Amino acid sequence: MNGADELIARLSAGGVEVCFANPDTSEMHLVAALDRSQMRLVLCLFDGVATGAADGYGRMSGRRCAP
């Protein structure tokens, strides 16, 4: 297990079910860890889209996002 796997495991344990991301080449370990996990990954083409999609998901699902 590497740091990316540990991060995803702790996020999952904390109740995070979906990750909206716009990964670059430096985040490939994180994307690979998400692929091995049960967490749903939603890839976005732009950072603004990722934040807007996460905000909309949180509002529609009624789940409170972390501050």
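Residues in the chain average 75 Å² of solvent-accessible surface per residue, probe 1.4 Å, ligands and nucleic acids excluded. Compared with the alpha-carbon gap, the fully stretched path from Ala13 to Met60 is longer by 14.7 nm at 0.36 nm per residue. Short-range pairs are left out: with C-alpha atoms under 8 Å and at least six residues apart, the relative contact order of the chain is 33 percent. Which percent of the accessible area of region 6-67 is formed by carbon and sulfur heavy atoms (probe 1.4 angstrom)? Carbon and sulfur together cover 58 percent of it. Within the shell of other residues whose beta carbon sits under 15 angstrom from the beta carbon of Met28, the net charge comes to -3, with Lys and Arg scored +1 and Asp and Glu -1.
For the chain, the Cβ-based charge dipole about the Cα centre amounts to some 340 debye (Lys, Arg positive; Asp, Glu negative; other atoms uncharged). Candidate values (i) 20, 39, 23, 14, 4, 0; (ii) 20, 51, 27, 1; (iii) 22, 62, 16 were compared with P(r) over Cα pairs in 10 Å bins from 0, in percent computed on the shown model; the agreeing label is (ii).
The values are calculated or read from the model by the stated rules, or taken from the named source; none is laboratory data. What you see is a predicted model, and the numbers here were worked out from it, not measured in a lab. Don't worry about glycine lacking a Cβ; one is built from the backbone with ideal geometry, like all the others, and counts go over all protein chains shown. Accessible surface areas use protein heavy atoms only, side chains included; no ligands, DNA or RNA. Shrake-Rupley method; radii C 1.70, N 1.55, O 1.52, S 1.80 Å.
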